[in-house]
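Asker: First the structure, then my questions, so here it is.
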Amino acid sequence: MATTCADGRSAKLIVQKLIGQERVIKKFFENSSSADVIAKARRSVLKASSSDEIRRWEAKGALAYWGAMRDLPVNFSKADSLKIPEHWKHFGSRISPLTNSPRLAVTPAQATLSYMYAILESESRLALAALGLDPGLGVLHNDLRSRDSLASDLMEPVRPKVDALLLTLLTSEQFRREWFFEERDGNCRLMASFAVRLSETAIMWRREVAGFAEWIAKSFWDSRARPIRTDAPATRLTNRRGSEGRARLVSGLDEVNRARPSLCRICAQIRMTSDGICPGCKSSPKYQKGRYN
């Protein structure tokens, strides 16, 4: 079965995600078995013939990826450790027991990750809107009334970078009890002070999604049967084509300058020499006597 344009876009985004996940596992866990599963999923996505097959292989990679993190310890101070639930002391499962989905996390690590993903989703939505794309029309995620599916697609290749930042935080700092609170049903939530600190990462995710957003816009443009213009859409987020355009402009001006006739500075006729004086004026008696020098 031939791969459609939509499936090709989905495959590229998920392959980039799986590459990132493999790097995270190797860097933070040195778990070769999980990394091998993710690598196999990545290779299989490249051969997939439909979005459903891409999703299945992505899910297999995710199972190995989150499984490697589940028991990662979360460091709290000794005083805080006496005041928190035991399950807060580990990264925990990505699937919440409250919803059987990532929603309503029950551990601080998962709550932090969900909040950072929400920031990433917001930046993805803004990037797509800036390029004139509808964030709700996805290529991999099914379109739902309550979800911006294309924004969810755009998030995929950047998610491992968010994971890596959180893992760096977990392995280099102690979490504080005052950063979190637990609701009656066990849902772990972030306090405002910690949420504000995390929101400062928005500029990082803005830069990360920019290139992928422009690639998506370009892929939509290329798939049109008869584009109105021959050139690609503007790269408003990275300004990549703007830089290329300025380079072409400078090059074009150089060509114009080279093609422009040069005039003799004495008689104003077209000259053929490089010193600004035509051969006729050079041979004149006045020039020979140095009157024009």
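The values are calculated or read from the model by the stated rules, or taken from the named source; none is laboratory data. Predicted model, so just to flag it, every value in this text is computed and none were measured. Every residue, glycine as well, gets a Cβ built from its backbone with ideal geometry; the counts of neighbours run over all protein chains shown. Please note that ligands, DNA and RNA were not included when accessible areas were found on the heavy atoms of the full protein model with its side chains. Shrake-Rupley method; radii C 1.70, N 1.55, O 1.52, S 1.80 Å.
Asker: Among the residues of segment 191-216, what is the count of those that are open to solvent by less than 30 Å² (accessible area, probe 1.4 Å), closer than 24 Å to W66 by Cβ and not hydroxyl-bearing (S, T, Y)?
Answerer: Total satisfying the criteria: 5.
Asker: Now for a separate question. Among the residues in segment 91-102, are any hydrophobic (A, V, I, L, M, F, W, C), in contact (Cβ under 8 Å) with a residue 40 or more places away in the chain, open to solvent by less than 30 Å² (accessible area, probe 1.4 Å) and closer than 21 Å to D163 by Cα?
Answerer: yes
Asker: Can you spot a residue in segment 141-162 that is farther than 28 Å from L237 by Cα and either surrounded by fewer than 16 Cβ atoms within 10 Å (Cβ to Cβ) or modelled with pLDDT of 90 or more (or both)?
Answerer: no
Asker: Only residues that are open to solvent by 20 Å² or more (accessible area, probe 1.4 Å) and over 17 Å from the mean Cα position of the chain (by Cα): list them for segment 112-124, please.
Answerer: S114, Y115
Asker: Mind checking whether some residue in segment 60-76 is open to solvent by less than 30 Å² (accessible area, probe 1.4 Å), among the charged types (D, E, K, R), in a helix (DSSP H, G or I) and over 18 Å from V162 (Cβ atoms)?
Answerer: Within segment 60-76, not a single residue is open to solvent by less than 30 Å² (accessible area, probe 1.4 Å), among the charged types (D, E, K, R), in a helix (DSSP H, G or I) and over 18 Å from V162 (Cβ atoms).
Asker: Further question: Right, F175: surrounded by fewer than 17 Cβ atoms within 10 Å (Cβ to Cβ), out of contact with any His (no Cβ under 8 Å at 6 or more places or on another chain) and among the aromatic types (F, W, Y) or not?
Answerer: Against the criterion (surrounded by fewer than 17 Cβ atoms within 10 Å (Cβ to Cβ), out of contact with any His (no Cβ under 8 Å at 6 or more places or on another chain) and among the aromatic types (F, W, Y)), F175 does not qualify.
Asker: Next question, about the same structure. Looking at segment 171-201, which of the residues that are in contact with a Ser or Thr (Cβ under 9 Å, 6 or more places away or on another chain) and in a helix (DSSP H, G or I) is nearest to A118 (Cα to Cα)?
Answerer: L198
Asker: Out of the residues in segment 27-39 meeting the condition of being surrounded by 15 or more Cβ atoms within 10 Å (Cβ to Cβ) and not hydrophobic (A, V, I, L, M, F, W, C), tell me which one is nearest to L170 (Cα to Cα).
Answerer: This residue is N31.
Asker: Ok, one more. Determine which member of the set A109, A127, A105 is closer than 19 Å to R184 by Cα, open to solvent by less than 30 Å² (accessible area, probe 1.4 Å) and either of a type outside the set (G, A, S) or in a helix (DSSP H, G or I) (or both).
Answerer: Unique residue meeting the criteria: A109.
Asker: Looking at G138 and the list (1) outside any helix (DSSP H, G or I); (2) buried (at least 16 other Cβ atoms within 10 Å of the Cβ); (3) touching a residue at least 24 places away in the same chain (Cβ under 8 Å), which single condition is not satisfied?
Answerer: So the condition that G138 fails would be (3).
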